[in-house]
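K.L.:
Can you keep this structure in mind? I'll have questions shortly.
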Amino acid sequence: MNDSFEIGSFDADNRQAPQPDFSYLDGLNEGQLAAVQALDGPVLVLAGAGTGKTRVLITRLAHILNMRDVRPWEILAVTFTNKAAAEMQERTANLVGPSAIEIRLGTFHSIGVWMLRRHAELVGLSNNFTILDTDDQLRLLKQILIEEHIDIKKWPPRGLAAVIDRWKDKGLRPDAVKDIESNGFAHGRAAELYRIYQERLAAQNACDFGDLLLHVLTLFQQNSDILALYQNRFKYILVDEYQDTNVAQYLLLRLLAQKHKNICCVGDDDQSIYGWRGAEVGNILKFEDDFPGAEVIRLERNYRSTSHILGAASGLIEKNEGRLGKTLFTEGNDGDKVVLNAVWDGGNEATWVAEEIEALERKGKSPKDMAILVRASFQTRDFEECFLSMGIKYRVIGGLRFYERREIRDVLAYLRVINQADDDLAFERIYNLPKRGLGAKALDKLRDIGRSRNLSLSRAAEAAVEEGLFKGKPLAALRDLMENFENWRAQKDLIPPNDLVEAVLEESGYMDMWRQDQSVEAEGKRENLKELVPALSEYDSLGQFLEHVSLVMENNANNTDEMVSLMTLHSAKGLEYDVIFLPGWEEGLFPHQRALDENGLKALEEERRLAYVGITRAKEKCFISHASNRRIHGQWQSSLPSRFVDELPPSHIEDQSGQGLYATTRRQDTSSTPSWRMADDNHLAEILAKRSRANESLVDNSTKPVSQNTNDDSLAIGSRVFHQKFGYGKILKKDGPKLEIAFEKAGTKKVMENFVQPS
């Protein structure tokens, strides 16, 4: 198709041009066909999970080119990832030929760059402007904070970056930020710092990723002729994953569509799960208000999952009020019901999942067709440890394995130097982490000392301190560090490894570094560090633990394609597997307590959409589990089953958990009380007693609690007790329900009192 081609034109011999081939419409179901053929005016396609929306988008592009007098470059198609854009371009080319490459198709940011480079001077930039990456952005913000005499330990650059990114997602320039929105950072100075940051970017002819859309919005809002240019050009607009758009993206699309109003947005209000990064489900819910007369087409026939899986997902999501409504169905078989199971704790949960995986493998199911989807990243550790011990290969999707995460590797480096002072690689990683005034020059000097005396870096540092080879602050910092290492080594064989790592986290300042960090990622890193502490409690010595980690890392290196996938629910969007495991369906974990406290009913509905996404990833089998007790960051917590468990329709559930015990348990509404509580103490005790009886036949006898009496005088210090795994021992210390016991054969261990009984 070239620039002069027109539908219905005649060739040189006055013969009518060949008619388009409409075979691409073959096989479309009724809903898909309607979405493809509704070419004119605003159209909203509500595409449920597994309903073939990508095929609809691509076929619609081909149909527009075949049925309307429009050139490829007069079509704008927007998606969220470069991978999705490339796939769409390739598949469209297979239908309509090489002209598909002329369609303006890409991500919001790539389209923003293209527009901005053409008109950069109108927003104060040159067309060769630089796009800063995250590291450059943080360096610039750090400079500004220091120049403005703001304590970067208390108000770190990442925290300011997160605030500014949120404002840009909302399409707010510095002059549009209200005072009340600026109160959360640096005592109300965030808006001022935002203005300085934007001025500094302009002076450097640079912008960050948020500017790629914010500047285009400014361009359109302040230059009506430029806006008209693009409104006239783009006769048809297609948008994928519309439920994930933020305010800035939404405003941009509304402006571009005002001329022709031929905008087709494809999305699923039931899969809007990215509110935490700026996505507004309201954009899709108010589409008909924004574009009066819009046609709404629902894609409800699912090609992925069985009837029972869809029934469970639909029954759950219908509890949401903020949705346009649709019900998925399939013409396939009913399949197996969704399995619901209760377990005693996270360790039992991981073992149960592992055993189900092995049973499925024996029946011929490949590990690569199975996935475990968790709500919080700290949940992965139980599974990683269990899979390692049982020889189950796994991969972590969308993130690092537990021991590969930066913050974990940092602390492991501290532990390695404690265990083996000559570990130069580990010492080099943490000698200035957190920052203590020992830069590259200090490291070079330590290397010189080490080479001249045949010493490791750590030994060279000891010599430098003893002989005063450094001066001033570097000497004081190095002395403090080496004294810490001396103290930690002295404690290494005297206290349990988990107590040692707690001391390292606090005394090194490493944990405090992440407490001060206000970035989005910081909380997850703090959670992972807290999860590391109980990981060490399972080992008798630091050396034994580090040896275990080495085996884990070696196991990770021997990757094969035949691996179970392990990921968070957010990472699973757009993926599908034959078998899905959904662990951790407990109040406070899922739905997540922090989300409920911060955003009430709005957060609850997004959490429920996340549960819906999890269930609909499954094609053949889905397993849901909840634990009566869960150790979260070293603290044992008794848990109620998630309210989502109660909301699953019984006709689609195979209940292995005794859920009937919980069917009448209802939680309080969280929308009006930020600090809601699940139940009063008496009610909680009643539920826990019922749960304990229900789990008697489910838990491993070697690990289940044998006593629920937290005021038992027979568990006083000095009492002799019996543990079903460690045997007989004597209580040395008692801290509430936590006991330190000297076992006759297993040595000294820390256990919860309800795991032992008087002997």
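The values are calculated or read from the model by the stated rules, or taken from the named source; none is laboratory data. On a predicted model such as this, the values are computed, not experimentally measured, just so you know. When we count neighbours, we look across all protein chains shown, and the Cβ atoms used for this are built from the backbone with ideal geometry, even at glycine. Accessible surface areas use protein heavy atoms only, side chains included; no ligands, DNA or RNA. Shrake-Rupley method; radii C 1.70, N 1.55, O 1.52, S 1.80 Å.
K.L.:
Only Lys, Arg, Asp and Glu count, each charged at its Cβ (+1, +1, -1, -1), so figure out the dipole size of segment 220-368 about its Cα centre, rounded to 20 debye.
P.N.:
Here the size comes out at about 620 debye.
K.L.:
Suppose we look only past 18 Å in the calculated P(r) of segment 356-411. What percent of the Cα-Cα pairs does that tail hold?
P.N.:
38
K.L.:
Just to be sure I understand the model, the point goes 7 Å from the Cα along the line to the Cβ. What's the resulting T81 to N487 distance in nm?
P.N.:
Reported label-point gap for T81 and N487 is 4.7 nm.
K.L.:
Among K326/K363; K286/K525; K153/K471; K435/K749, which pairs are too far apart, with a Cα-Cα distance over 30 Å?
P.N.:
K326/K363; K286/K525; K435/K749
K.L.:
Could you state the angle between the C-alpha long axis of helix 593-615 and the longest principal axis of the C-alpha atoms of the chain, as a value from 0 to 90 degrees rounded to the nearest 10?
P.N.:
70
K.L.:
Contact order normalised by length for segment 464-592, with contacts defined as Cα pairs under 8 Å and 6 or more residues apart; what percent is it?
P.N.:
18
K.L.:
To the nearest 10 degrees, how steep is helix 520-536 against the longest Cα principal axis of the chain, on a 0 to 90 scale?
P.N.:
30
K.L.:
Positive end of the charge dipole of the chain (Lys, Arg +1 and Asp, Glu -1 on Cβ, about the Cα centre): tell me which of S272, G41, S314 has its Cα farthest that way.
P.N.:
In the chain, that residue is S272.
K.L.:
What are the ³J(HN,Hα) couplings of segment 215-220, residue after residue, when phi is run through the Karplus curve with 6.51, -1.76, 1.60 and θ = phi - 60°? Round to Hz, x for glycine and proline.
P.N.:
In residue order, the calculated couplings are 5, 5, 4, 4, 4, 5 Hz.
K.L.:
Another question about this same structure. Which values, in whole Å and largest first, are the semi-axes of the equivalent ellipsoid of segment 30-74 obtained as the square root of 5 times each eigenvalue of the Cα gyration tensor?
P.N.:
Equivalent ellipsoid of segment 30-74: 20, 11, 9 Å, largest first.
K.L.:
If you average the sequence gap of Cα pairs under 8 Å that are 6 or more apart and divide by the length of the chain, what percent do you get for the contact order?
P.N.:
It comes to 14 percent, rounded to a whole number.
K.L.:
Now for a different question. Can you give me the long-range amide H partners of R631? Hydrogens built in the peptide plane at 1.01 Å from N, cutoff under 5 Å, separation of 5 or more residues or another chain.
P.N.:
Those lying under 5 Å, H to H, from R631 are G346, Q637.
K.L.:
Amide H to amide H, which residues 5 or more places from T748 or on other chains are under 5 Å from it, using H placed in the peptide plane?
P.N.:
F743
K.L.:
Here's something else I'd like to know. For the chain, with all protein chains present and a 1.4 Å probe, just round the carbon and sulfur fraction of the accessible area to a whole percent.
P.N.:
Accessible surface attributable to carbon and sulfur in the chain totals 47 percent.
K.L.:
Rank V239, G97, Q637 by how far each Cα sits towards the positive end of the charge dipole of the chain (+1 on Lys, Arg Cβ; -1 on Asp, Glu Cβ) and give me just the farthest.
P.N.:
Positive-most Cα among the choices belongs to Q637.
K.L.:
With a cut-off of at most 14 other beta carbons within 10 Å, and DSSP calling the residue loop, which trypsin sites (Lys or Arg not before Pro) in segment 369-434 qualify? Please list them.
P.N.:
none
K.L.:
Taking the Cα centre as origin and putting +1 on Lys and Arg beta-carbons and -1 on Asp and Glu beta-carbons, what dipole magnitude results for segment 237-324, to the nearest 20 debye?
P.N.:
Roughly 140 debye, rounded to the nearest 20.
K.L.:
Using alpha carbons only, how many degrees (0 to 90, rounded to 10) separate the axis of helix 247-257 from the longest principal axis of the chain?
P.N.:
The answer is roughly 10 degrees.
K.L.:
Turning to a different aspect of this structure: Over all pairs of distinct alpha carbons, what does the Kirkwood formula give as the hydrodynamic radius of the chain, in Å?
P.N.:
Over the chain, the inverse of the mean reciprocal pair distance is 29.6 Å.
K.L.:
Output the antiparallel fraction of DSSP beta bridges having both residues in the chain, as a percent to the nearest 5.
P.N.:
35
K.L.:
Taking a temperature of 37 °C and a viscosity of 0.692 mPa s, what whole-number D in µm²/s does Stokes-Einstein yield for segment 363-518 with Rh from Kirkwood over alpha carbon pairs?
P.N.:
Answer, rounded: 183 µm²/s.
K.L.:
Charges only on Cβ, +1 for Lys and Arg, -1 for Asp and Glu: so what's the dipole of the chain about the Cα centre, in debye to the nearest 20?
P.N.:
With Lys and Arg at +1 and Asp and Glu at -1, about 860 debye.
K.L.:
Would you compute, for the Cα atoms of segment 216-279, the largest minus smallest coordinate along each principal axis and list the three values in descending order, in whole Å?
P.N.:
That gives 37, 23, 11 Å along the principal axes, largest extent first.
K.L.:
Right, next: Skip the ligands, DNA and RNA, and give the accessible area per residue of the chain with a 1.4 Å probe, whole Å².
P.N.:
With the other protein chains kept in place, the chain gives 44 Å² per residue.
K.L.:
Output wanted: per-residue J couplings in Hz (rounded whole) for segment 582-590, from phi through Karplus 6.51 cos²θ - 1.76 cosθ + 1.60, θ = phi - 60°, x for Gly and Pro.
P.N.:
Whole-Hz 3J(HN,Hα) from phi for segment 582-590: 10, x, x, 7, 10, 4, x, 9, 8.
K.L.:
With a ≥ b ≥ c the root eigenvalues of the C-alpha gyration tensor of segment 253-345, is it rounded (a/c under 1.5), prolate (a/b larger than b/c) or oblate?
P.N.:
Prolate shape, in that a/c is at least 1.5 and a/b is the bigger ratio.
K.L.:
First check a/c for segment 579-626, with a ≥ b ≥ c the square roots of the eigenvalues of its C-alpha gyration tensor; if it is under 1.5, answer rounded, and if not, answer prolate when a/b is larger than b/c or oblate otherwise.
P.N.:
Since a/c reaches 1.5 but b/c is at least a/b, the shape of segment 579-626 is classed as oblate.
K.L.:
With a ≥ b ≥ c taken as the square roots of the eigenvalues of the C-alpha gyration tensor of segment 300-408, please select rounded if a/c is under 1.5 and otherwise prolate if a/b is larger than b/c or oblate if it is not?
P.N.:
Prolate, because a/c is 1.5 or more and a/b exceeds b/c.
K.L.:
Below 8 Å, C-alpha to C-alpha, sequence gap of six or more: please give me the relative contact order for segment 402-462 in percent.
P.N.:
Computed value for segment 402-462: 30 percent relative contact order.
K.L.:
Using 5 Å bins from zero, what percent of all Cα-Cα pairs in segment 19-157 falls into each bin?
P.N.:
The distribution over segment 19-157 is 2, 8, 14, 15, 15, 10, 8, 8, 6, 6, 4, 3, 1, 0, 0, given as percents.
K.L.:
Set Lys and Arg Cβ to +1 and Asp and Glu Cβ to -1, take the dipole of the chain about its Cα centre, and tell me which of V343, I449, I495 lies farthest positive.
P.N.:
I449
K.L.:
Using only the Cα atoms of segment 89-183, construct the convex hull and provide its projected area averaged over every direction, in square nanometres to one decimal.
P.N.:
Result: 9.1 nm².
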